[in-house]
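The values are calculated or read from the model by the stated rules, or taken from the named source; none is laboratory data. What you see is a predicted model; the values in this text were computed from it and never measured. Cβ coordinates were reconstructed from backbone atoms using ideal geometry, including for glycine residues, and neighbour counts include every protein chain displayed. What goes into the accessible areas is simple: the full protein's heavy atoms, side chains included, and nothing from ligands, DNA or RNA. Shrake-Rupley method; radii C 1.70, N 1.55, O 1.52, S 1.80 Å.
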Amino acid sequence: MMNEDSRKPGTIEDGSVNVANSDATSAHSSYDEPKVDEVQEIRDVARRDTRSVRCWRWIVTGALLATAVALSLTTYKLLDNEQTSIMEATYRSVTQSLEDNALGHVGRLQLACKTLADSMSIYVESTNQTWPFVTMPSFQTHVDNFLQMSQMEFIGAFHRVEPGDEEEEWEKYASERYEKMVEDWHVGRYGNTNRLKPVGYNPDVYSIDPTLSPDRPGSRFPSWEFGPPPFTYGLINRDMATRPDRIVNALLRLRNQTIMTGALDISRLIQIVMTEEEHAEYHSRLRASKTDHPHSFVFHPVHQHASDPTSRIVGLLSGAVSLDAPLRNLLPTNMKGIIAVIKNTCGQTFTYIIDGHDALYQGEGEC
């Protein structure tokens, strides 16, 4: 038998080889682990792919950003053009509405004048009276409808009188009738004559322009009927043909036109027709309206035969209108702050703010 010391390393008794444990483990590990250069190659590939992904990410982000900017600019441009078109269309609509409604007011004023003038002509023809010796009992009734339709503050009728014998006959006719006529107006409207001050009557047809001679040529147009009733007799026999602007001559030439003067100071005349308190009360019905705001005079012919502009002009109508009144109700209530510059052929300019139904006077010129 062999002793233990004589055994060869790595052998066993049955003749099999004994392999050292450490060597077996080492051989197994060297077989499973990849080589160092392969790992580095994988890392390089991953690094390149990462850079490529990052690059494409920036490219895609930039493209999306550029697309968004382009889309935003295009949308803004389209919206801006649309807003501009809407504003232009709104402006055209508002200005057209202002023009149409303003012309509508002028048309109603002209119609009111024509209606009152025709009523006078029809009355004279139906009663077989002769111009100028006419007094219309229902004048105040017609005036009420007229003032409401025309938005004028007052209206007067002026009868055409030729100089000489007819003028003398007229002065006699007027002197015999003026007191009862004016008293009847006051009683009919106010129920009494408390408002009437029986002063100021001039028995002669008198001139507005004191420089004109009483023997001047041409027809006279003395004032006769008035509405509302004046509180003195001072307006009767006032010759409208002697106005310094000679507007009656223009009315005779045009024959069938309503003439509107430039803005004038009516403070002196209004004191004969109505008191300062009555004038202020009228303007208090209009928002922010005052008695010193622009007023114009309106003139319209009265023909001998109703609705026949070729017939002789036998008289005229004249009254005052505040520009605050006909400029009202031009726009709907929700349209506010529209600045309107009013220009006339007399070289005058006034600025109003159209605030819904109201016209707010701002002053002369373009304010």
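Just a few scattered comments:
- Long-range amide H partners of Ile155 with built H, under 5 Å: Gly227
- Accessible-area order (highest first, 1.4 angstrom probe) of the listed residues Glu125, Glu171: Glu125, Glu171
- Each label was represented as a point 7 Å from its Cα along the Cα-to-Cβ direction; for Glu88 and Asp209 these points are 5.1 nm apart.
- For region 340-350, backbone phi angles converted through the Karplus equation (6.51, -1.76, 1.60; θ = phi - 60°) give residue-by-residue couplings of 10, 9, 9, 10, 10, 6, 8, x, 9, 9, 9 Hz, Gly and Pro being listed as x.
- Listed residues His357, His303 arranged by accessible area, highest first, probe 1.4 Å: His357, His303
- Between Lys180 and Asn249, residue separation times 0.36 nm minus the direct Cα-Cα distance comes to 21.6 nm.
- Our analysis of region 267-343 gives Rg over Rh at 1.10, with the two radii drawn from alpha carbon positions and Rh computed by the Kirkwood formula.
- FRET E, pair Gln348, Thr310, Förster distance 41 Å, beta-carbon r, rounded to 0.05: 0.75
- Computed FRET value (nearest 0.05) for Thr130 with Arg287, which takes r as the C-beta separation and R₀ as 41 Å: 0.30
- Taking all protein chains as they are arranged and a probe of 1.4 Å, the heavy atoms of Leu254 leave approximately 90 Å² accessible to solvent.
- Under the simplified labelling scheme, the Gln271-Asp355 pair shows an inter-label distance of 3.2 nm, with each label point 7 Å from Cα along Cα→Cβ.
- Among the protein heavy atoms, those of Ile155 account for about 0 Å² of accessible surface (1.4 Å probe, every chain in place).
- With all protein chains modelled, accessible area of Arg189 [1.4 Å, Å²]: 90
- Distance between modelled label sites at Glu169 and Arg195, nm, 7 Å Cα→Cβ extension: 3.4
- Sorting Lys343, Lys197 on solvent-accessible area from highest to lowest, probe radius 1.4 Å, gives Lys343, Lys197.
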